[in-house]
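All remarks here apply to the structure that follows.
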Amino acid sequence: MLNLLKTPATNVLQPSEPDYGKSWWLVLVPLVPMAIVYANNTLVWIVLAGMVLLFVLLAVMAVLVSRLIGRAKLKPAMALAVSLSTALGWPVVFSSVR
């Protein structure tokens, strides 16, 4: 049990930049069968297009609201949080904070 404390720090560290290159192919796993099964169903494609449009609209609105909040005079803690969210750029979700 005491040997666990003697582990070198290099064995514990994780890589700073994860590689997401091939993991995006996993998105095709549900999309390809769906495209095959629902190829002729127009209603399914209209609903999916509407969902994508709503997500894009909500993303644009969120960016605009965060920029408007960034222009307001805020307390230091809130100003720091807003400045970090706008300084990371697009997309914030996939950015790595250093």
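The values are calculated or read from the model by the stated rules, or taken from the named source; none is laboratory data. Keep in mind it's a predicted model, so treat the numbers as computed, not measured. Glycine also receives a Cβ, built like all others from the backbone with ideal geometry; neighbour counts cover every protein chain displayed.
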Candidate set: region 36-70, residues that are polar (S, T, N, Q) and not in a helix (DSSP H, G or I); chosen: the one surrounded by the most Cβ atoms within 10 Å (Cβ to Cβ): Asn41
Contacts under 7 angstrom Cβ, first residue in region 38-56 being without any contact (Cβ under 8 Å) to a residue 24 or more places away in the chain, partner exposed (fewer than 10 other Cβ atoms within 10 Å of the Cβ) and not in a loop (DSSP other than H, G, I, E, B), 6 or more apart: none
Small (Gly, Ala, Ser), modelled with pLDDT of 75 or more, on the phi < 0 side of the Ramachandran plot and not in a loop (DSSP other than H, G, I, E, B): is that true of Ala79 in this structure? yes
